[in-house]
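This report concerns only the one structure given below.
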Amino acid sequence: MTTIAVLGGGKIGEALISGLIAAGTAPQSINVTNRRAERGQELRETYGIHDLTDNRQAVEGADVVFLCVKPKGIPALLTEIADTIDGNDVSTVVVSMAAGIPLAAMEDALVAGTPVVRVMPNTPMLVGKGMNAVAPGRFVNEEQLDVVARLLGSVGDVVNVAESDLDAVTAMSGSSPAYFFLVAEALIDAGVSLGLTRDVAQKLVTSSAAGAGAMLAESGIDPTTLRANVSSPAGTTVAALRELEESGIRGAFFRAAEACATRSAELGAPATPEK
Ligand SMILES: NC(=O)c1ccc[n+]([C@@H]2O[C@H](COP(=O)([O-])OP(=O)(O)OC[C@H]3O[C@@H](n4cnc5c(N)ncnc54)[C@H](OP(=O)(O)O)[C@@H]3O)[C@@H](O)[C@H]2O)c1
């Protein structure tokens, strides 16, 4: 049985735990930590996992340690767990889910030779439909990478990417569920403005979003063709699409992706030294 520590049981930590358990991982094999004991208790009551507030204790003997705290918390967390991981009988793999923090910085903060993997996940992991972009560090072997891919594969898709692509990946999949939620929210408001009740507008938009997502994921047809297929000449859809294009939707997404990737790079840059 692979023993797993999830350090930071927030949104991504919980999504991972929930997905792993839904896919058959034994709850007893998972340790979760939070600084607030109440949050750990909540996770224990929901999933039957072990909750701790001591990160060192949580990583003792763990095969895989997922770091699910905010990026700014990663350096201190690595310093805290480095010696315990080095002292483990098993070769513990550290898997960071944090945006921005480079592999080299994490490898430097741990005892030399500790295997580290960087992953950019996203929250659809909560429903088993996550996207996990994986970049392995220098000290990870094939077997360890397979174990990490198997665990992540139980909560969604897994793609291997170069570390240098991870800021762009954050803009494409890490943060993009929020873009789609914003589009859904705006469309629901537009439906209310057309006279529908919010409840009905929400049902219509939610169903369309899920249906369009399934067509994109399952038909094997590219989005340009799917959109053209539902745009009859001089029809209703093309009238709406023209408004979206004239409002600058394409440019807005170019700028949004760029802002996201830039912010991801900033999060990983060394802090400006104090004067
Ligand atoms: N949310 C997303 O959509 C998303 C997408 C891709 C990647 N990520 C990455 O996933 C990571 C987690 O993001 P999130 O959205 O899940 O954040 P979050 O909801 O704020 O969760 C972070 C959790 O870590 C706990 N924590 C903080 N410091 C800790 C420590 N020293 N030891 C143990 N637990 C600690 C916090 O609880 P306490 O305060 O009780 O300790 C909190 O529950 C981030 O690095 C982010 O870059 C997030």
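The values are calculated or read from the model by the stated rules, or taken from the named source; none is laboratory data. None of the values given here were measured: they were computed from a predicted structure. Here the Cβ is made from the backbone with ideal geometry for all residues, glycine too, and neighbour counts use every protein chain on show.
Do we find that residue 231 is more than 16 Å from residue 249 (Cβ to Cβ) and either in the same structural domain as residue 253 (by TED's automatic domain parsing) or surrounded by 11 or more Cβ atoms within 10 Å (Cβ to Cβ) (or both) in this structure?
On the way: more than 16 Å from residue 249 (Cβ to Cβ): no; either in the same structural domain as residue 253 (by TED's automatic domain parsing) or surrounded by 11 or more Cβ atoms within 10 Å (Cβ to Cβ) (or both): yes.
Judged against the criteria, residue 231 is not a match.
Within the stretch 62-78, can you find the residues that are buried (at least 19 other Cβ atoms within 10 Å of the Cβ) and part of a helix (DSSP H, G or I)? Can you show your working first?
So the first thing to find is which residues in the stretch 62-78 are buried (at least 19 other Cβ atoms within 10 Å of the Cβ), and the list is 62-69, 74, 77-78.
74, 77, 78 - these are the residues of the stretch 62-78 that are buried (at least 19 other Cβ atoms within 10 Å of the Cβ) and part of a helix (DSSP H, G or I).
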Hey, among the residues in the stretch 79-110 that are more than 12 Å from the ligand (Cβ to nearest atom) and among the β-branched types (Val, Ile, Thr), which one's surrounded by the fewest Cβ atoms within 10 Å (Cβ to Cβ)? 90
Test set (1) closer than 19 Å to residue 94 by Cβ; (2) assigned by TED's automatic domain parsing to the domain that holds residue 213 - residue 178 fails condition number: (1)
Return the residues of the stretch 180-203 that are hydroxyl-bearing (Ser, Thr, Tyr) and not in a helix (DSSP H, G or I); say none if nothing qualifies. 197
Please pick out the residue among 53, 79 that is of a type in the set (S, T, N, Q) and within 27 Å of residue 133 (Cα to Cα). 79
Can you tell which of 19, 40 is more than 25 Å from residue 266 (Cα to Cα), without any contact (Cβ under 8 Å) to a residue 40 or more places away in the chain and small (Gly, Ala, Ser)? 40
Could you list, in sequence order, all residues of the stretch 26-60 that are surrounded by fewer than 20 Cβ atoms within 10 Å (Cβ to Cβ) and in a loop (DSSP other than H, G, I, E, B)? 26, 35, 36, 48, 53, 54, 60
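Picking from 13, 9, 19, which residue would you name as being in a helix (DSSP H, G or I), within 18 Å of the chain's Cα centre (by Cα) and at pLDDT 95 or above?
Details: 9 fails: in a helix (DSSP H, G or I); 19 fails: at pLDDT 95 or above.
Step by step, each of 13, 9, 19 is checked, and only 13 is in a helix (DSSP H, G or I), within 18 Å of the chain's Cα centre (by Cα) and at pLDDT 95 or above.
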